[in-house]
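Visitor: Here it is, the structure in full.
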Amino acid sequence: MSLIKLVLADMDGTLLPFGDHQVSARTISAISALRQAGIAFGPSSGRERSDLIRYFHHQDACIATGIMGNGKLVYLDGKLVYRRPLPRDQVEALAQAVSTLPGAVLNFYLPLDEQGHGKTGFGAIGISEDEKGNFPTEDFPNGIFANLPDEDITTCAVVINPSITSAEEAHRTICAACPGLDFPQPAPMAFDVLEKGWSKVSALPILLDHLHITADQIVYLGDSQNDLTMMAALPNSFCMGNGSAEAKAAARWVVDTCENDGAAKIMESLARNGGRIVEDGWY
């Protein structure tokens, strides 16, 4: 078996328990141990880099490399090496559809500059200032927009309040309005937004090429629907114990939960064993 050279990890439900605002100190320590052992680490997330930094205790080294925006952004050593904006007509149709759903909001990251940097946090569309109270856990630091910015939108998500609009109703509405988009569901109350047929794994060849490694030299950590394509493509995949039934079936190994630092335990083991996968301290 090849030595592991890179760990890619999903965020919500994998590294970050739902409702938490930072990954655990143990996770940060495990990432540091990986890097000291010569193993790279990167998030594989629907979030953008400007947002991820706060979850990693503002440590740039944790997010210098990775697949972000669900495969629409690829970074290597802090540099943006690939970007794929969403189709403009489909995002506009999505914004219109969300505005018809009283318990839904479209969160989006403001456009990136040429270096791949953007403003931290979301803008929002599809709600009024009075309706912000329907989403008490959401943060819209970049404001409520009447219309999308003129620049390209790379990453957005539909968030719902299930006491007002069900996930099933929201999914039916947005799928009907946007046949060119896919909506994987990483959490019960949220849908990611992807170009039809695109996913995190679509960006994997780009990262492999830049790092000069092969698929069997990667460990993947995930928990939900938007991790399935990566789990299918990478032979060394782990699902957290809190993961969905689909993700557990797709992964090679099922380990401890996110809340119990399951991902950190895998990373610690890899660092301790020099990149070899050894069932050592996983649980």
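The values are calculated or read from the model by the stated rules, or taken from the named source; none is laboratory data. Keep in mind that this is a model prediction, so the values were computed, not measured. With ideal geometry, Cβ positions are generated from the backbone for all residues, glycine too; neighbour counts draw on all protein chains shown.
Visitor: Only one of 280, 223 is among the acidic types (Asp, Glu) and surrounded by 24 or more Cβ atoms within 10 Å (Cβ to Cβ). Can you tell me which?
Guide: Details: 280 fails: surrounded by 24 or more Cβ atoms within 10 Å (Cβ to Cβ).
Residue meeting the stated conditions: 223.
Visitor: Where the second residue is acidic (Asp, Glu) and modelled with pLDDT under 95 and the first is closer than 16 Å to residue 68 by Cα and assigned to a helix (DSSP H, G or I) and lies in the stretch 199-224, which pairs have Cβ atoms under 8 Å and are six or more apart or on separate chains?
Guide: Pairs that qualify, where the first residue is closer than 16 Å to residue 68 by Cα and assigned to a helix (DSSP H, G or I) and the partner is acidic (Asp, Glu) and modelled with pLDDT under 95, are 200/227.
Visitor: Of the residues 110, 101, only one is in contact with a Phe, Trp or Tyr (Cβ under 9 Å, 6 or more places away or on another chain), over 30 Å from residue 29 (Cα atoms) and not assigned by TED's automatic domain parsing to the domain that holds residue 225; which?
Guide: Unique residue meeting the criteria: 110.
Visitor: A further question on this structure: Please verify whether residue 177 is in contact (Cβ under 8 Å) with a residue 12 or more places away in the chain, within 29 Å of residue 235 (Cβ to Cβ) and surrounded by 15 or more Cβ atoms within 10 Å (Cβ to Cβ), treating the condition exactly as stated.
Guide: In short, no.
Visitor: A follow-up question, please. Output the number of the condition that residue 106 fails; it satisfies all remaining conditions of (1) closer than 23 Å to residue 173 by Cα; (2) surrounded by fewer than 19 Cβ atoms within 10 Å (Cβ to Cβ); (3) in contact (Cβ under 8 Å) with a residue 12 or more places away in the chain.
Guide: (2)
Visitor: Run residue 130 past the list (1) without any contact (Cβ under 8 Å) to a residue 24 or more places away in the chain; (2) assigned to a loop (DSSP other than H, G, I, E, B) and report the number of the one that doesn't hold.
Guide: Of the numbered conditions (1) without any contact (Cβ under 8 Å) to a residue 24 or more places away in the chain; (2) assigned to a loop (DSSP other than H, G, I, E, B), the odd one out for residue 130 is (2).
Residue-by-condition table, conditions (1) surrounded by fewer than 23 Cβ atoms within 10 Å (Cβ to Cβ); (2) under 19 Å from residue 150 (Cα atoms); (3) modelled with pLDDT under 95; (4) outside the structural domain of residue 13 (by TED's automatic domain parsing):
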| position | (1), (2), (3), (4) |
| --- | --- |
| 40 | yes, no, no, no |
| 45 | no, no, yes, no |
| 60 | yes, no, yes, no |
| 67 | no, no, no, no |
| 79 | yes, no, yes, no |
| 97 | yes, yes, no, yes |
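Visitor: Out of all the residues in the stretch 88-127, which are of a type in the set (Val, Ile, Thr) and in a strand (DSSP E or B)?
Guide: Scanning the stretch 88-127 gives 105, 125.
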